[in-house]
Structures are given as C-alpha cells and as structure tokens.
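This report refers to the structure that appears directly beneath it.
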Amino acid sequence: MSRLDSFIRRMSAQRDILDALPRRLAGVPGLVMEFGLGSARTYDHLRERFPGRRIVVFESVVVEAVRPRPAPDDFVVGDLPGTAAAWPDGCAALVHADIETGDAAADAALRDWLPALAARLLAPGGFAVSGAPLPHPRLVAEPLPPGVAEGRYHVLRRDQRSFGG
Ligand SMILES: C[S@@+](CC[C@H](N)C(=O)[O-])C[C@H]1O[C@@H](n2cnc3c(N)ncnc32)[C@H](O)[C@@H]1O
C-alpha cells in the first residue's frame with residue numbers, strides 16, 4: 001500500500017470512529033480530552049461532533065498559526081503525562097490520543113504511561129480512542145466501525161468498576 005493510501009485510510013478511520021462516538025457516549029458524563037492538538041483537524045471535528053461538551057486539549061508544542069485554538073482554560077501546554085496529573089480520576093467521557101510520532105522506540109514508550117493515564121481519567125463507560133494500542137485491564141476493546149481495519153486505530157471502553165475497585 002502506498003503511503004498516500006495508508007494516510008487516507010488512517011484519516012478515514014479517525015473520522016469514522018469519531019463520528020460514531022456521540023451516540024456511543026450518550027449518558028456518559030464528562031469532558032472530552034484531546035491529546036495532541038497538532039494541526040487541530042481532529043479537535044475541530046470533535047468540536048462539531050460534541051457541541052455540548054467541554055473539550056480540553058493537551059499539547060507540548062504550541063504552533064501559533066494553528067486554528068482553531070482552544071480557549072486558554074481548555075488548552076494545557078506541556079508534556080503529557082505530567083500536565084494530566086492534576087486532572088481528577090474519572091473526569092473524562094472520551095480520551096482521544098493521536099500522539100504517536102512514527103518513531104518505533106518513542107511510540108513503544110507510550111505504553112509505559114498512556115494506557116494507565118487513559119484508564120484513570122475515564123469515567124466508567126467512557127471511551128479511549130487511540131492510534132497507539134492501550135493494553136490495560138480496565139479498558140475493554142470495542143468493535144470498530146464497518147470498513148475500519150483492525151490495528152489501524154484503537155477503540156476501548158473503560159469498564160464499569162468504580163475507582164479503587
Ligand atoms: C499527530 S499530531 C496530532 C494531530 C491531530 N490529531 C490533528 O488531527 O491535527 C500529534 C501531536 O501530539 C503532540 N504530542 C506528542 N507527544 C506529546 C506529549 N507527550 N505531550 C503533549 N503533546 C504531545 C505533538 O506535539 C503533536 O502536535
């Protein structure tokens with residue numbers, strides 16, 4: 001598969017997964033957390049799909065020209081997971097993490113903290129959507145939308161156990 005085809009399939013998978021989330025998250029309270037503003041493509045999409053939810057964006061590199069830019073109170077600048085440490089357990093209905101770099105070692109290192117952070121931040125029944133795998137006992141794999149290939153993007157649901165349980 002060419003790199004162009006691969007890119008298009010990844011973007012389509014992202015969009016199809018994000019589009020299904022408002023229905024799947026109905027009844028789950030909490031924030032939407034966007035890990036990685038990047039070019040703000042998925043942030044803008046989440047704004048359209050979740051007009052009633054607060055969306056908090058975490059980003060280590062601020063590029064002034066990127067638009068839309070979250071409001072200052074909703075834009076957390078610095079390196080995850082340090083910046084996320086202040087956010088309480090179970091505050092999020094959705095964690096969307098699109099923070100891989102393509103560097104194999106750096107992406108493998110995400111496993112040291114990203115699955116546990118997502119599991120901690122999610123409310124019971126909340127969703128984690130990620131380019132990187134999120135192996136964690138509290139996160140259960142969910143079906144992907146039709147046409148999205150296994151392994152391209154990951155959709156998991158936080159189990160219903162309360163914190164500390
Ligand atoms: C692939 S881009 C995100 C693209 C975005 N979803 C979009 O649609 O435009 C990944 C972003 O995550 C940010 N990032 C990666 N690791 C991070 C970390 N540890 N803490 C905060 N931001 C991080 C990078 O600076 C980069 O802007």
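The Cα atoms of the range 1-75 define a convex hull whose projected area, averaged across directions, is 5.9 nm².
Apply 1/(1 + (r/R0)^6) to the Cβ-Cβ distance of Val77 and Ser2, taking R0 = 35 Å, and write down the FRET efficiency to the nearest 0.05. Walk me through the intermediate numbers first.
Details: r = 35 Å, r/R0 = 1.01.
Efficiency, from the Cβ-Cβ distance: 0.50.
At the residue level, His45 shows approximately 40 square angstrom of accessible surface with a 1.4 angstrom probe and all protein chains present. Residues whose amide H lies under 5 Å from that of Glu142, counting only those 5 or more places away or on a different chain, are Val155, Leu156, Arg157; hydrogens are built 1.01 Å from N in the peptide plane. The Cβ shell under 15 Å around Leu156 holds other residues with a net charge of +4, Lys and Arg each +1, Asp and Glu each -1.
Taking Lys and Arg as +1 and Asp and Glu as -1, the other residues whose beta-carbon sits under 9 Å from that of Gly90 total +1. Pairwise Cα separations in the chain fall into 10 Å bins from 0 onward with the following percentages, short to long: 10, 41, 39, 9, 0.
Take every Cα pair under 8 Å whose residues are at least 6 apart in sequence, average their separation, divide by the length of the range 3-158, and the relative contact order is 23 percent.
Longest span of the chain, sites excluded, free of chymotrypsin sites (Phe, Trp or Tyr not before Pro) in DSSP loop with at most 15 other C-beta atoms within 10 Å?
Values: sites that count: Trp113, Phe163.
Answer - 1-112.
The values are calculated or read from the model by the stated rules, or taken from the named source; none is laboratory data. Being a predicted model, the structure only gives us computed values, none of them experimental. Because the Cβ atoms are built from the backbone with ideal geometry, glycine has one as well, and the counts that use them run over all protein chains shown. Calculation scope for accessible area: heavy atoms of the full protein, side chains included, ligands and nucleic acids excluded. Shrake-Rupley method; radii C 1.70, N 1.55, O 1.52, S 1.80 Å.
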